[in-house]
Amino acid sequence: MNTILRKSILGIAGLAFTGGVFAGPVAAHAADTHAAKPVSVSVQGDKLIPHGVQGAQSRIDLNDEQIANVKAIIAATKKAGMDERAAVVAIATALQESKLENLGHLGDRNDHDSQGLFQQRPSSGWGTVEQITDPEYSTMAFLKGLKQVDGWQDMPLTKAAQTVQVSAYPDHYAQWEQQAADLVAEHWNK
């Protein structure tokens, strides 16, 4: 994405409500995405996508580092005692926020201090830079926020993710639900 467009998007994200314990703006990261054809996975059923997907779905090809981050999110979800649906919400959120890349500070390309898989901000109380760039810690912090959302299991993914993340683009999480569910189905029992 060109620098001017990126700064415009990040400027808009900076206008988002950032108060509260779970505030943290989205860092809009570009990646080539394309509408994905639905992929049927035998274990999706009610557990992974209980409400069905909302809107057009995006999909990106993942490299080894991104797959390692998927596995780290799943491991942290299990460690937190949460189920596959929590992992789907977390992975979809990380796909939107960072494309599953453990990003450091983006310098001039980012006017906030958002970092890591979930683009959490030290200035908003998510933890230190070292903590939020640790995949296990950042996932546990996200899941702690998710656990505090009453009824998150019964919400559409994008509403649950938005309640934790407080994004300037609250509907963007929905586009990653199918890929996140596919990744959880593929890696949950490995």
A chain fully extended from Asp61 to Lys144 at 0.36 nm per residue, minus the present Cα-Cα distance, gains in nm 27.0 nm
Sorted by chain and then number, the residues having a modelled amide H within less than 5 Å of the amide H of Leu103, at least 5 places away or on another chain, are Gly116, Leu117
The answer for the net charge of residues other than Lys159 whose Cβ lies under 14 angstrom from its Cβ, with Lys and Arg +1 and Asp and Glu -1, is -3
Here FRET efficiency (C-beta to C-beta, Gln153 to Gln54, R₀ 25 Å, nearest 0.05) is 0.95
Taking 0.36 nm per residue of separation between Ser123 and Lys47 and subtracting their Cα-Cα distance, the length gained on full extension comes to 23.9 nm
Between Asn189 and Lys71, the two model label points (7 Å from Cα along the beta-carbon direction) sit apart by a distance in nm of 1.8
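Read-outs throughout are calculated quantities, based only on the coordinates presented, and are distinct from any laboratory measurement. Treat the numbers as computed from the prediction; the structure is a model and nothing was measured. Cβ atoms come from the backbone with ideal geometry, glycine included; neighbour counts cover every protein chain shown.
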